[in-house]
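S.K.: Shown below is the structure under consideration.
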Amino acid sequence: MTTRRPLARVLVGVLAVVLVLCCGGVAVGGWAFARAGTDTVGEVDFVRPLAVPPLAASRVDGQGRRVFDLLAREGSRDFRGDGRRTRTAGFDGDFLGPTLRAKRGERVVVNVVNRLPEETSVHWHGMHLPARMDGGPHQTIRPGATWSPSWRVDQPAATLWYHPHPHGATEEHVYRGLAGLFLLDDDREAALPLPRHYGVDDIPVIVQDRSFSGSGQFRRTRNTISSIGVLGDTLLVNGTVGPYLDVTTERVRLRLVNASTARLYDFGFADGRRFDLIASDGGLLPRTARLDRVRLSPGERAEIVVTVRPGERITLRSTGPDLGAGALADRFAGGRDRFDVLELRAADRLVASPAVPDALAPMDRLDPASATTTRTLEFLGRGINGRSMELDRIDFAATRDTTEVWEVVNRDGTPHNFHVHDVQFQVLTDGGEAPPPALGGWKDTVYLPPHRPIRIALRFTDHSDPDVPYMYHCHLLYHEDAGMMGQFVVVAPGQSVGRPPRHGAHAPHR
Ligand SMILES: [Cu+2]
């Protein structure tokens, strides 16, 4: 008897502990589930005019090249007008950078000065150019140094962007504010009746999510339940919190850029109105798509044209993007989050705009039957095909003047996406099906829903260099920094793979 009572007590104690752990676990789980969502619909005061990044000044040098200057530096900004200044970084300013603009066929030079206290790089996202001009992790710029890449713009009109790409620190640099647009023009786009008056009826919409600490600093706290990365609860559009745009024309073109580090958006209008999707990452679609929603993962762009009526106010809104990871995983990865993004305020009298044409830019479809090589890229854990990024390992070579088919698949339960440098690709199939209209044009970044293979075709036309690699990676920047990236070179027919330069050695420092 004397020995049984303590044993009973122990059993009761163990039972109590188990009960507390289980119920506590359920309670914590329920609390976390309820807390996981962010919803700003109806909560945003649209009190600040939308900032529009200035067009970068340029000059033409003695060799006929258009020359830009960009200076990366630290800064600070009071985003919410409450006197609390956030430490930031930007190009030529405190946050984000000017919009560079060039025309197809032009040769450009960008003098990038690094006034940051650490190394960085500037990658021209979506640009077709030689690998050593690409601004990836091999072209780092030391503090105080200037990097002056130059290339010929040789691709269709498009909304491209630039941002740092230093090995292992891209998330941090982009999160602080280092990003900007690089718009390309061409004759085909210029001949179409589309809104193109920058800052008037052609508006950049750079969307980024941030969280602020009590002292007003950017809080780069990663989601603890989902491994997606940093999800913020406040949207900045071109750096503006609570932005509105005065619209003076019947139609307005919005160049939507998801410059967030991890968050996906599903953009549409609060009243459900349809808009014309005219372009994706690499430029104009073959045909205008009339849609009411467009989903963008980090790095992706979409150009839409929306029609407004005199005097009305409409809200650009992001509702929970379908991440395809299942209800629970979707919720913790932001898949149920809703945001009011931007208010459009139409003037009482609007300047007439021509109708958006159905036919935009003819597109020669790449023929998968002509592909010389088929590759499979499996995204899982912190790597691709079981390997984590290493600067001195080239994963494969693509041969110039060939077409390849890549099957890219997310084997994780968590969201990833796929971005490749050098070329724009065509989506052949999405989960075995024909791609939707939003994936029907040139792309450099595509969302990878868990376990849904995406087949793409890529054509390598020029810029062979056996030594200097291009990157392919997940553009959820936490994942990219953690090693979900690989390197390939483009070689001339018969050429073998060389050796990556010593870190940064090929950067054309001035
Ligand atoms: Cu990822």
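S.K.: Would you please state which residues of the range 130-144 a label at residue 402 would reach in this model, taking the label point 7 Å out along Cα→Cβ and a backbone N cut-off of under 11 Å?
M.R.: none
S.K.: Taking the Cβ of residue 378 as the center, what net charge do the other residues with Cβ under 14 Å away carry, scoring Lys and Arg +1 and Asp and Glu -1?
M.R.: Values: positive: 375, 382, 387, 411, 452, 455; negative: 395, 407, 412.
Value of the local net charge: +3.
S.K.: Quick check: net charge around residue 411, other residues with Cβ under 13 Å of its Cβ, Lys/Arg +1 and Asp/Glu -1? All intermediate terms of the calculation are to be shown ahead of the outcome.
M.R.: On the way: positive: 382, 452; negative: 378, 407, 412.
Computed value for this residue: -1.
S.K.: Once the whole set of protein chains is in place, how much accessible area is left on residue 95, using a 1.4 Å probe, in Å² to the nearest 10?
M.R.: Per-residue accessible area (residue 95): approximately 20 Å².
S.K.: Would you work out what percent of the accessible area of the chain, with all protein chains in place, is carbon or sulfur (probe 1.4 Å)? Don't skip to the end; give the middle numbers.
M.R.: Working: 10380 of 20150 Å².
C and S fraction of accessible area: 51 percent.
S.K.: Note down the nm distance, to one decimal, between modelled labels 7 Å out along Cα→Cβ at residue 48 and at residue 71.
M.R.: According to this spin-label approximation, the distance is 2.3 nm.
S.K.: Please compute the net charge surrounding residue 178, taking Lys and Arg as +1 and Asp and Glu as -1 over other residues with Cβ under 12 Å from its Cβ. Present the calculation step by step, with values, prior to reporting the outcome.
M.R.: On the way: positive: 73, 115, 176; negative: 74, 92, 94, 118, 171, 172.
Within the 12 Å Cβ shell, the charges total -3.
S.K.: For 344, 391, what's the largest-to-smallest order of accessible area, 1.4 Å probe? All intermediate terms of the calculation are to be shown ahead of the outcome.
M.R.: Values: 344 5, 391 40 Å².
Putting 344, 391 in descending order of accessible area: 391, 344.
S.K.: Taking θ as phi - 60°, what are the ³J(HN,Hα) couplings along the range 190-195 by the Karplus curve (6.51, -1.76, 1.60), each to the nearest whole Hz, with x for Gly and Pro?
M.R.: 5, 7, 8, x, 10, x
S.K.: Using only Cα atoms, find the angle between the long axis of helix 4-35 and the longest principal axis of the chain, and express it within 0 to 90 degrees, rounded to the nearest 10.
M.R.: Helix 4-35 sits roughly 30 degrees off the main axis of the chain.
S.K.: Okay, next question. With labels modelled as points extended 7 Å from the Cα through the Cβ direction, what inter-label distance (nm, one decimal) is found for residue 223 paired with residue 434?
M.R.: My value for the distance between the label points is 3.3 nm.
S.K.: Right, another one. Rolling a 1.4 angstrom probe over the protein heavy atoms, how many square angstrom per residue are accessible across the chain? The partial results should precede the final answer.
M.R.: On the way: 20150 Å² over 510 residues.
Counting only protein heavy atoms, the per-residue value for the chain is 40 Å².
S.K.: Output wanted: per-residue J couplings in Hz (rounded whole) for the range 50-66, from phi through Karplus 6.51 cos²θ - 1.76 cosθ + 1.60, θ = phi - 60°, x for Gly and Pro.
M.R.: Result, rounded to whole Hz: 4, 5, 10, x, x, 6, 5, 5, 8, 9, 9, 8, x, 9, x, 8, 7.
S.K.: How large is ³J(HN,Hα) for each residue in the range 235-248, as worked out from phi by the Karplus curve 6.51 cos²θ - 1.76 cosθ + 1.60 (θ = phi - 60°), to whole Hz, x for Gly and Pro?
M.R.: Using θ = phi - 60°, the values come out as 9, 10, 10, 6, x, 9, 8, x, x, 10, 10, 7, 9, 10 Hz.
S.K.: Taking the convex hull of the alpha carbon atoms in the chain, what volume per residue do you get, in Å³? The partial results should precede the final answer.
M.R.: Numbers: hull volume 93.9 nm³, N = 510.
With only Cα atoms used, the chain gives 184 Å³ per residue.
S.K.: Let me ask something additional. If you count the DSSP beta bridges with both ends in the chain, what percent of them are antiparallel, to the nearest 5? Numbers along the way, then the final one.
M.R.: Values: 85 of 125 bridges.
Here the share of antiparallel DSSP bridges comes out near 70 percent.
S.K.: What FRET efficiency comes out for the pair residue 367/residue 59, r = Cβ-Cβ distance, R0 = 45 Å, nearest 0.05? It would help to have the intermediate numbers written out before the result.
M.R.: Working: r = 43 Å, r/R0 = 0.95.
Efficiency for this residue pair is about 0.60.
S.K.: Of all the stretches in the chain, which is the longest one without any exposed loop site, taking GluC sites (Glu not before Pro) in a DSSP loop (any state but H, G, I, E, B) with at most 15 other Cβ atoms within 10 Å? Mind showing how you got there, number by number?
M.R.: On the way: sites that count: 43, 118, 312, 390.
So the longest stretch without any such site is 119-311.
S.K.: Hey, what's the Cα Rg ratio for the range 382-468 versus the globular rule of thumb, 2.2 N^0.38 Å? Present the calculation step by step, with values, prior to reporting the outcome.
M.R.: Values: Rg = 13.8 Å, N = 87, 2.2 N^0.38 = 12.0 Å.
Taking N as the residue count of the range 382-468, the ratio is 1.15.
S.K.: Please name which of 53, 72, 41 has its Cα lying farthest along the dipole of the range 33-73 towards the positive end, using unit charges on Cβ (Lys, Arg +1; Asp, Glu -1) and the Cα centre as origin.
M.R.: Checking the options against the dipole of the range 33-73, the answer is 72.
The values are calculated or read from the model by the stated rules, or taken from the named source; none is laboratory data. It should be emphasised that the depicted structure is a prediction, and the values quoted were computed from it without experimental measurement. Don't worry about glycine lacking a Cβ; one is built from the backbone with ideal geometry, like all the others, and counts go over all protein chains shown. Areas reflect the complete protein model, heavy atoms only, side chains present, ligands, DNA and RNA absent. Shrake-Rupley method; radii C 1.70, N 1.55, O 1.52, S 1.80 Å.
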